[in-house]
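A short worksheet on the structure shown next.
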Amino acid sequence: MARPEQVLVLEPANELKFRGPFTDVVTATLRLSNPTERNVCFKVKTTAPRRYCVRPNSGIIDAGTSINVSVMLQPFDYDPNEKSKHKFMVQSMVAPCDMTDMEGVWKEAKPEELMDSKLRCSFEMPLENDKTHESEQYQTVSSSVKTEHSLPKSASASLDDGEVKKILEECRRLQMEVQRLREENKQIREDDGLRKRKVTSLAVPHSTTPSSTSPNAMATSGIREEGLNTRILAFCVLFFVIGVIIGKLGL
């Protein structure tokens, strides 16, 4: 008695293609679909079991569903003059309603209940034109990424040209203000040093020991220096934050 026709739909139906280079594992996907209203058992076999790893290599496909089977070719020395003689066979059978042991079902299956489909294997190496095309695609993608990062003034930027100019002007103004505060702080320190020297020189005739600066003068000087340092620190922090924002925009 002839075997029944395969009820599973295989994609691809006749050939598994493996595309090199074959210095690493190459995977081909086999899709098995069950269009029937019964569950179907399947098993994947090959003529070169040491060269392939199949996951899953057996199982049950529920009615109206499908699964993907990964066929992994192990690395090997590819010879373009050698044609592949490897083959795969997908064996299937309708699952019994009272099935409890899949291995037992396969052992007890009658030949007229088994269905099978055979697929051959083919190995392909990428052509030089394909490599060039892939390289051009990579360069195109890379250049497009660089272009996106180099367009801070485009319409897609979160800030328009007017706002960018305002930020730049504010940065220049802050730079000038920080410079002015530095000069002012330097002048204050020089004045305080001169004042301390005058107080010391006036106190020498009245005492045999060096006189220290007046506590009130030192407190006033410390307050002024602390205020200036706080202002400088605030401006520096503000300038740093604006600089980070501009840096993120790519200016």
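Every Cα-Cα pair of region 9-126 was included, and the share exceeding 21 Å stands at 41 percent. Label separation (ASP101 vs THR65): 2.5 nm, computed from points 7 Å beyond Cα along the C-beta direction. What pairs in LYS43/LYS85; LYS45/LYS110; LYS17/LYS110 have C-alpha atoms more than 29 Å from each other? Among LYS43/LYS85; LYS45/LYS110; LYS17/LYS110, the Cα-Cα distance tops 29 Å for LYS17/LYS110. Spacing of the modelled spin labels on ARG182 and SER58, each 7 Å from Cα toward Cβ, amounts to 8.0 nm. Is the shape of region 89-131 rounded, prolate or oblate, going by the alpha carbon gyration tensor and its root eigenvalues a ≥ b ≥ c, with a/c under 1.5 for rounded and a/b larger than b/c for prolate? Prolate, since a/c reaches 1.5 and a/b exceeds b/c. A simple spin-label model places the labels of VAL241 and ARG50 7.0 nm from each other, with each point 7 Å out along Cα-to-Cβ.
For LYS83 and GLU169 in the same chain, what is the full-extension length gain: residue separation times 0.36 nm, less their Cα-Cα distance, in nm?
Numbers: separation 86, 0.36 × 86 = 30.96 nm, distance 7.17 nm.
Separation in residues times 0.36 nm, less the Cα-Cα distance, equals 23.8 nm.
We did not get these values from a lab; they are worked out from the coordinates using the rules stated. These numbers were taken from a predicted model, which means no experiment stands behind them. No Cβ is skipped: glycine too gets one built from the backbone with ideal geometry, and neighbour counts run over all protein chains shown.
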